[in-house]
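Taken together, the values in this text are just the output of simple stated rules run on the coordinates, not laboratory data. None of these values were measured; they are calculated from a predicted model. All Cβ positions, glycine included, derive from the backbone under ideal geometry; neighbour counts span all protein chains shown.
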Amino acid sequence: MDSRGPDTAPSLLVDLRNCYEGFAGIPQELRLLFAHFTEMPFRSLAGLASGIHHRAPREKAARSAYENVMQQTRMVIAQDSRRHPLPLPLRLLPGRIRNRVLYPFSALVTAHRAETLDRPIDREIFEDYLWTKLFDKTLPPDRRNIIGKAQFFATELGHENARHLAMLPKPFAKKLDSTGYDLFFAASVSPYALPASTHMVVRYYDALPLTSPHTIGDPWPHATSHGRMMARNMAAGATFVCDSEPVRQDVLKLFPEAEHRVLTIPALLSSDYRPEPISWPMVQEILSRRASPKTGGGVSAPAEGTRLVMAVSTLEPRKNYMKLFEAFEMAQQMSQVPMRLVIVANPGWRSDAEMAALKQLVKRGAAHHLSAVPLPELRRLYSAAHCVVSPSRAEGFDYSGVESMACGTPVIASDIPVHRWVYGEAAEYFDPYSAEAMAELIAQFAELPAQEGYLAQLAATGLRQAQLYSPATLMPRWEELLMKLGRAKR
């Protein structure tokens, strides 16, 4: 264990499983938080590079430097390929059988064996892997030095395989021997059972698998595993840190007895979101370069002065895109001002209908569908947009509205408790079940100039609102909490 801070300071182990994912809000915040954790005075800091679907069987202790590197190489390959090292006959099984039967069974046979922190990933040899797989999608290149400020450990089982075990009775729960670490930080409910010497801190984003199961994929296993992990984390005395007060209230409806250890610290906004003047040719270039092939690729570039109405979020039912698409077409009929819909989204759960509808909008030249947009380009698009729409029926926080506010762009949002709590007076609201109400606001905004009058005032209010979620505002709260919890374990 590397020593970083004074002996009286707590030590922190962070589960980095979500960092393996893309540009969604949870992995984005976890990367930001981990980077800020490296600046805090922990005695030691480590990242659990737990992967997602892999299984990397334990090997005998390496007897040479060569064997040590090769063992890490095999582990990295297992993580990166998302495969188990299976014999050829088993690799020939249909994918669904491997995913639904074989992989869970292979996890089951390891349930008796605890994950131990004896599989370090050499942060010099595998620096590129750690940076590109875990942090590059969010952090700027000048933050690569965080790799050298923490240790990184691999696991035998990927996180999803450990989650499969959570659906079984408690004795099968995957144990993690975190001895030596005072705190374990998980960005969502965790499948791991920890020793009493380690206190679990759960960053909790939403209870939607339990409260809106009709909007998620594979609802039965997802709800079951989420609920069981949540209940077990609660029973183990974990502290839950919710990203908004409405989410905290949802948690307390399930576990009212845990009120003293269910807290709220709002989601963290990257300081890289800020207003950025951008030329129209640059906007056109981004729209062309990031056009998603899943909906037919690019369309003709919009003429300068076209109102860009933007939405940024995963395509899935609760995000309410179908109502947005309907509302946008109605708004085009209500206003003579030229406008284009810009959707920055990857397909998510149950998104076939949304993808089909979006494909038709792209085909007609009414919309641009973008994907894999890096933060600097997303900042420029936000800055160029006339307004951003956050249409969700259910959310835990909803980053897109706050990100656009930080870039000086007005927000139109669905009238749900989370949006009211997060956006305050810095947005205009509509009934999420009414396409007409949404269309009226879009058309009204399109008719107004962006640089003066009401929209300029709303943008100024949004800039102030976004400061509530800045690192300068929130990281002192995180440091105070983690130091307090950690020192209580000393």
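Entry note, the chain: relative contact order of 15 percent, from Cα contacts under 8 Å with a spacing of 6+ residues. Rounded to the nearest 20 debye, the dipole size of segment 191-272 about its Cα centre is 280 debye, using +1 on the Cβ of Lys and Arg and -1 on the Cβ of Asp and Glu. The string of couplings for segment 151-167 from the Karplus curve (6.51, -1.76, 1.60, θ = phi - 60°) is 8, 9, 10, 9, 10, 5, 9, x, 4, 5, 5, 5, 5, 4, 5, 5, 7 Hz, one whole number per residue in order, with x for Gly and Pro. For segment 202-350, the relative contact order is 22 percent, taking Cα pairs closer than 8 Å that sit 6 or more residues apart in sequence and dividing their mean separation by the residue count.
Segment 343-415 and segment 155-203 have Cα centres lying 34 Å from one another.
Only helices enter the 222 nm calculation for the chain: every DSSP H run of n ≥ 4 contributes -39,500 (n - 2.57), and dividing by all residues gives -11500 deg cm²/dmol, rounded to 500.
Taking the Cα centre of segment 363-490 as origin and assigning +1 to Lys and Arg Cβ atoms and -1 to Asp and Glu Cβ atoms, the resulting dipole is close to 840 debye. When only the Cβ of Lys, Arg, Asp and Glu is charged (+1, +1, -1, -1), the dipole of the chain relative to its Cα centre reaches about 1840 debye. Which entry in (i) 35; (ii) 21; (iii) 14 matches percent of Cα pairs over 41 Å apart derived from the coordinates of this structure? Checked against the structure: label (ii).
Which of the three applies to segment 280-469, rounded, prolate or oblate, going by the alpha-carbon gyration tensor with a ≥ b ≥ c and a/c under 1.5 meaning rounded? It comes out rounded by the Cα gyration axes. Between the residues 49, 237, 75, the greatest Cα displacement towards the positive end of the dipole of the chain, with unit charges on the Cβ of Lys, Arg, Asp and Glu, is found for 75.
When the chain is described by a simple charge dipole with +1 on each Lys and Arg Cβ and -1 on each Asp and Glu Cβ, the residue from 470, 32, 280 located farthest towards its positive end is 32.
In the chain, taking the dipole from charged Cβ atoms about the Cα centre, the farthest positive-side position among 251, 19, 309 is held by 19.
Scalar couplings 3J(HN,Hα) for segment 221-233, obtained by applying the Karplus form with A = 6.51, B = -1.76, C = 1.60 to θ = phi - 60°, are x, 5, 5, 5, 5, 4, x, 5, 5, 4, 5, 5, 4 Hz; x denotes Gly and Pro.
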